[in-house]
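Visitor: Quick one: the structure is below, and I'll ask about it shortly.
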Amino acid sequence: EARPGPRRSLSSTTRANPGSFFARPDLVEAPGRFALVVIRDEEPGKAKNLYVERFDLARGRSQSAAEFDVASLPRASSPDGQRLAGHANGRGASSRARLDVWDWSGREPAHVISFEPGESGRRGADNLESIRFAGRDTVVVRTRSGAVSAWEATTGRGLWEANPPRGGAQARAISPGGAVAAVAGADEVWLLDAKTGRVRATLPSSIASPTAMSFSQNGQNLVAASADRLQAWDLEARVA
């Protein structure tokens with residue numbers, strides 16, 4: 001709502017075993033108005049039930065919920081909440097190399113496509129370490145090898161692949177609106193055009209291999225974090 005109201009708690013009701021240690025909501029992503037929550041009733045790799053719920057943060061209530069096949073684990077939501085993307089949920093060395101996309105514009109999620117973005121052929125190197133949407137129709141992924149690439153969410157067509165900055169792509173973030181992808185290496189951050197993969201700018205970083213990054217809602221600032229440090233940049237002035 002336009003005006004702040006009384007605080008309301010967000011809770012997810014599922015059929016998961018309430019006594020299980022793992023039956024806890026896992027906030028996967030909140031890229032805009034919607035938050036994606038995943039609940040597993042057992043430890044990773046052994047879950048028998050997998051539940052996904054979308055919360056409308058503006059209204060403070062659940063928008064929809066669905067049960068998923070445990071063979072796939074949703075990890076990202078498009079900013080409008082209409083699409084989900086995840087990876088295979090196996091236990092082997094190369095068990096997370098498959099990317100799965102669903103359309104959730106209706107009452108139930110509908111499978112769109114599954115494909116493997118990595119092509120290195122090295123055991124475990126193509127496992128998907130992170131998944132982000134750049135808008136509704138583009139998925140940007142990072143594999144264990146450190147490679148960053150973008151793909152059409154509906155066709156699986158490859159759009160671009162970028163060699164990661166020195167030290168590998170340790171953390172990534174997508175700007176509001178999906179125009180820019182930020183990729184962090186050991187001592188610098190790249191700002192990439194999310195449509196072409198072209199490097200728009202390079203930001204020196206004093207944080208060695210940050211583990212998380214986020215844009216401000218207006219897209220004018222970027223923040224990177226390690227275990228004990230934060231660094232922020234003014235993107236218009238290109239200064240920390």
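A short reminder: the numbers here are calculations on the coordinates, not readings from a lab. Note that the structure is a prediction, hence the values are computed from the model and not measured. Ideal geometry is used to build each Cβ from the backbone, glycine not excepted, and the neighbour counts take in all protein chains shown.
Visitor: When ranked by the protection proxy of mean other Cβ atoms within 10 Å per residue, highest first, what sequence do the peptides 74-87, 139-152 form? Show your work: numbers first, answer last.
Guide: Values: 74-87: 23.0, 139-152: 21.4.
Averaged packing, sorted descending, gives the order 74-87, 139-152.
Visitor: Quick one: P(r) of region 170-236 from all Cα-Cα pairs, 10 Å bins, percents rounded to integers, in order of increasing distance.
Guide: P(r) over region 170-236, rounded to whole percents: 24, 60, 16, 0.
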